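Read-outs throughout are calculated quantities, based only on the coordinates presented, and are distinct from any laboratory measurement. Note that this is a predicted model, so its numbers are computed, not measured. Quick reminder, even Gly has a Cβ in these numbers, built from the backbone with ideal geometry, and neighbours come from all protein chains shown.
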Amino acid sequence: MKKRISILLAAFLLGAALSACGNDVEEKQGNESTDGTAKVVQTTVYRSETTLADLETYLLENGVLNGERTEVNAEKVGALEGFSYPDSNVEIYEYDMDSFPYDSLATGGCVGFTYAETDTTPAETVGPFSAEAVNRQYVMIATGDVSGELRNTFGNFDR
């Protein structure tokens, strides 16, 4: 008798455990929410290929970059390429998304680089600096106060 009660208890506990693992929300077909109204689903669609030049053009067309473009040495900050608009207080870089500098900047960290003296250049330290904003492989570094409009437009690029 004890054996039968143990088996029944084990079967009950197994059934209870399995039902607890299920989803208690009813699966709906179509685009209706649980209250019968239509659901709005928002998805972000990116173009497959963009360039740093596309980003610069977009920011200029939206009137959020001011002044003259200045070339930067992107390699000194671990980037592939970049540019600066000193009047807008920003430097914008394109990074390899698999690189350590990108990982650090994209997760809110700081990066800095020290370059040893060579025969042609003195020793130099660059940074530490952190990202003002990140949009996929593009990173905006603030060199002063950056307008919210520039930050938002940068974030909306290619969406």
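Tabulated values for the structure
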item: Per-peptide average of other Cβ atoms within 10 Å, ordering 81-90, 53-62 highest first; result: 81-90, 53-62
item: Pairwise Cα inverse-distance average, inverted: Kirkwood Rh of the stretch 52-156 (Å); result: 14.2
item: Pair K76, D98: separation of 7 Å Cα→Cβ label points (nm); result: 2.8
item: Relative packing of peptides 110-121, 65-76, 139-150 - highest average C-beta neighbours within 10 Å first; result: 139-150, 65-76, 110-121
